[in-house]
1. What tally of residues in the stretch 141-183 results from selecting those that are surrounded by fewer than 16 Cβ atoms within 10 Å (Cβ to Cβ) and farther than 11 Å from Phe211 by Cα?
2. Residues of the stretch 98-124 being touching a Pro at 6+ places or on another chain (Cβ under 8 Å) and not hydrophobic (A, V, I, L, M, F, W, C), which ones?
3. If you check Ala167, Ala183, which single one turns out to be farther than 16 Å from Ser70 by Cβ and touching a Phe, Trp or Tyr at 6+ places or on another chain (Cβ under 8 Å)?
4. Given (1) in a loop (DSSP other than H, G, I, E, B); (2) within 16 Å of Leu59 (Cβ to Cβ); (3) among the hydroxyl-bearing types (Ser, Thr, Tyr), identify the lone condition not met by Tyr235.
5. Only one of Asp60, Asp137 is surrounded by fewer than 22 Cβ atoms within 10 Å (Cβ to Cβ) and modelled with pLDDT of 95 or more; which?
6. With the condition kept exactly as written, say whether any residue in the stretch 188-195 is assigned to a helix (DSSP H, G or I) and of a type in the set (A, V, I, L, M, F, W, C).
7. Can you name the residue in the stretch 145-172 that is out of contact with any strand residue (DSSP E or B) (no Cβ under 6 Å at 6 or more places or on another chain) and part of a helix (DSSP H, G or I) and, of all such residues, is nearest to Ala233 (Cα to Cα)?
8. Quick one: which residue in Gly97, Gly86 is assigned to a loop (DSSP other than H, G, I, E, B), closer than 18 Å to Ile57 by Cα and under 19 Å from the mean Cα position of the chain (by Cα)?
Amino acid sequence: MVKPRFQRNLLRAPAAVPLTILLLLGALGTSNPGGGVPPAGPGAPSPSPAPLAGKVIVLDPGHGGPNPGSIGVGPTPEKDNVLAIGLYAKELLEAAGAKVVMTRSADVDPSVGTPWEGQPTGQLDARVATANNSGADVFVSIHNNYNNDPSYTGIQVYYDVNRPESAPLAQALHQALLTTLGAADRGLMDGSWLKVLRETRMPAVLLEIGFLSNPDEAYRLSTPAFRRQAAQAIYQGLLSYFRAGSG
């Protein structure tokens, strides 16, 4: 730390100062024996706690292992993009005090080593079980979109409309993604047909971040900068959701 330029002058008393004045200055200095900033009084505000302390959040990067998800026209498949976004989001959420449970933290099939390994819906069953056994407050599944029309871009957010407790979470994340990424709005969608939204026992959403069928978005999804931006949007959306008292 750079010392203030005037500090040396404060510590050096001129020779002509009478002894009585020096004694008086010394007596005044003993009012804060430790020096520096005086201790806060009983009425002083305490430091703010971590904004997500006590919250348990499941992040679910889709696909993995032999299941690449959408391949698209960009340099990286869906499974790589969403894992990177999820890991970046995990860092942000944990720094804010949350406990984060990942359904996968590497390029693996999350059903491996579970009772659902090798079954047709094994990946999905394993994800649901991880969420339901975690005591989580929310479940956020992360995906990329695809459409036969390469001009399609933007954000879609799915939730089970038969589970109204998921609606505030979907709305908060939808708005944060649109605002942070400046993306086209493809709407809030009914995801009641999706197993991970229908069978999890906490507010749950599935995010479709960008279209791998669009050359521009497919390229951006492969870059660390855009992945971090998407993670920041997820963090901001969850922060808004919990601050609103929804979770």
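1. Summing the residues that are surrounded by fewer than 16 Cβ atoms within 10 Å (Cβ to Cβ) and farther than 11 Å from Phe211 by Cα in the stretch 141-183 gives 6.
2. Matches in the stretch 98-124: Thr103, Arg104, Asp109, Gln123.
3. Ala167 is the lone residue from the list that is farther than 16 Å from Ser70 by Cβ and touching a Phe, Trp or Tyr at 6+ places or on another chain (Cβ under 8 Å).
4. If we test Tyr235 against (1) in a loop (DSSP other than H, G, I, E, B); (2) within 16 Å of Leu59 (Cβ to Cβ); (3) among the hydroxyl-bearing types (Ser, Thr, Tyr), just (1) comes out false.
5. Exactly one residue qualifies, and that residue is Asp137.
6. no
7. Ala172
8. Gly97
The values are calculated or read from the model by the stated rules, or taken from the named source; none is laboratory data. Not measured: the values here are computed from a predicted model. A quick note on method: Cβ atoms are made from the backbone with ideal geometry, for glycine too, and the neighbour counts reach across all protein chains shown.
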